[in-house]
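Input: a single structure, listed below in structure tokens.
Nothing in this text is a laboratory measurement; each read-out follows from the coordinates by a stated rule. Since the model is a prediction, treat every value here as computed from it, not as a measurement. With ideal geometry, Cβ positions are generated from the backbone for all residues, glycine too; neighbour counts draw on all protein chains shown.
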Amino acid sequence: MTDSAGQPNAIDRYRRQSAFGGLGKLGQERLRQSRVAIVGVGALGSVIAERLGRMGIGKIRLIDRDWVEWDNLPRQTLFTEQDAMNQLPKAIAAENHLRNINSDVQWDSHVLDLVSSNAVELLSAFDLILDGTDNFETRFLINDVSLELGIPWVHGGCIGASGQVMGIIPGVTACFRCLLPEPPPADQLATCDSTGVLGPAVSIVASWQAIEALKILVAPKLNKGESLEQKRCELMTFDMWSNEVRKIFLSPVRPTESVASSVNKEPILATKGCPACFEGRRDFLYGNRSNLVQILCGRNAVQIQNASPERVDLVRLADRLRPSGTIALNPFLLRFETENFVMSLFSDGRAIVAGTEDPSVARRFLTQWLG
């Protein structure tokens, strides 16, 4: 059946997925009313956005700070060679394609870096947050927002042919800092540049995240059998190259009521628990652990966030810089290449300087050319 404009109606469009007993018509209606935010629209985020968009989520917000490059194309499934040639921001390019896949969804894209100063505003109106990021600091920030606002989120990560997925429900399951209390040192982290990554592995992890998202959005409303809250304390890990899948059950890290002192054998109260969900700390949300300067691991680049963002007139700046180097300009960013550096400047004042991993060198370059 079609409507007056010749388009299939919603019943026809989603009939095969709503025929699945775990979803049903009630679950499909719940999806239509749901709002999700995807942080990072690269390898994981682009697959998540397409899967959830095709299923009829009501509103999907896309948040990404980066632009499409040629080496994204083997694994970032929404993007085309034309997107890379135009150096389109990933959030904009993704929305352009996704609107043609499902125009019923309310798509909402933001070319921004998620930081402590904007995280609550960007995420507070949503029912679920999905992790498509590539760095631990942003994941810790999402975890803080999740706990502060009571919004569930689904963590995912992939490198090489391995990945992991974890659904997190504030006040019910373990949180991300129960799993990992502190970000690991940068020199201990493998990256996609150093280890590589396989597109099919990314798609498996992202699709699993999308399934977890559906269960969180739908199951609590269906009241069938065991509640979702009784099932969600698990971390799924995958090694697709060796065909290994593991389920690791996690409990929130609670402080021990008492421990024996090694000095006088007297019981003393232990204070160690999860810094976030039991001690109540929001180190990354309140800014004392956030960083306006970030080394972009594996990219030989430094990102510098403007502490007081002001809109930048990219066209006027391009005219000023053009005599001194090579300029590429689109409505969303300006790229300026000179000597051994490439600066990518966004209209909100955020800059990425490629050609160094030294923040002082990057700052000096920006001061030299931007004042």
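A few points about this structure:
- Taking amide hydrogens as placed 1.01 Å from N in the peptide plane, the amide H of Glu234 sits under 5 Å from those of Gly167, Leu250, each at least 5 positions away in sequence or on another chain.
- 15 Å beta-carbon shell around Leu52, net charge (K/R +1, D/E -1): +3
- Stretchable slack from Asn330 to Val245, in nm (0.36 nm times residue separation minus alpha-carbon distance): 26.2 nm
- Net +/- balance of residues flanking Gln106 in space, Cβ distance below 15 Å, scoring K and R +1, D and E -1: +2
- Rounded FRET efficiency, nearest 0.05, which uses the C-beta distance separating Thr195 from Arg364 and R0 of 41 Å: 0.85
- Distance between the pseudo-spin-label points of Arg322 and Arg54 (7 Å out from Cα toward the beta carbon): 4.4 nm.
- Stretchable slack from Asn100 to Asn86, in nm (0.36 nm times residue separation minus alpha-carbon distance): 3.1 nm
- Extended-chain gain in nm, criterion 0.36 nm per residue less alpha-carbon gap, Arg254 and Asp12: 82.3 nm
- Neighbourhood net charge (9 Å Cβ-Cβ; Lys/Arg +1, Asp/Glu -1) for Thr138: -3
- Farthest toward the positive end of the dipole of the stretch 89-185, out of Val165, Ile101, Pro152, is the Cα of Val165, where the dipole comes from beta carbon charges about the Cα centre.
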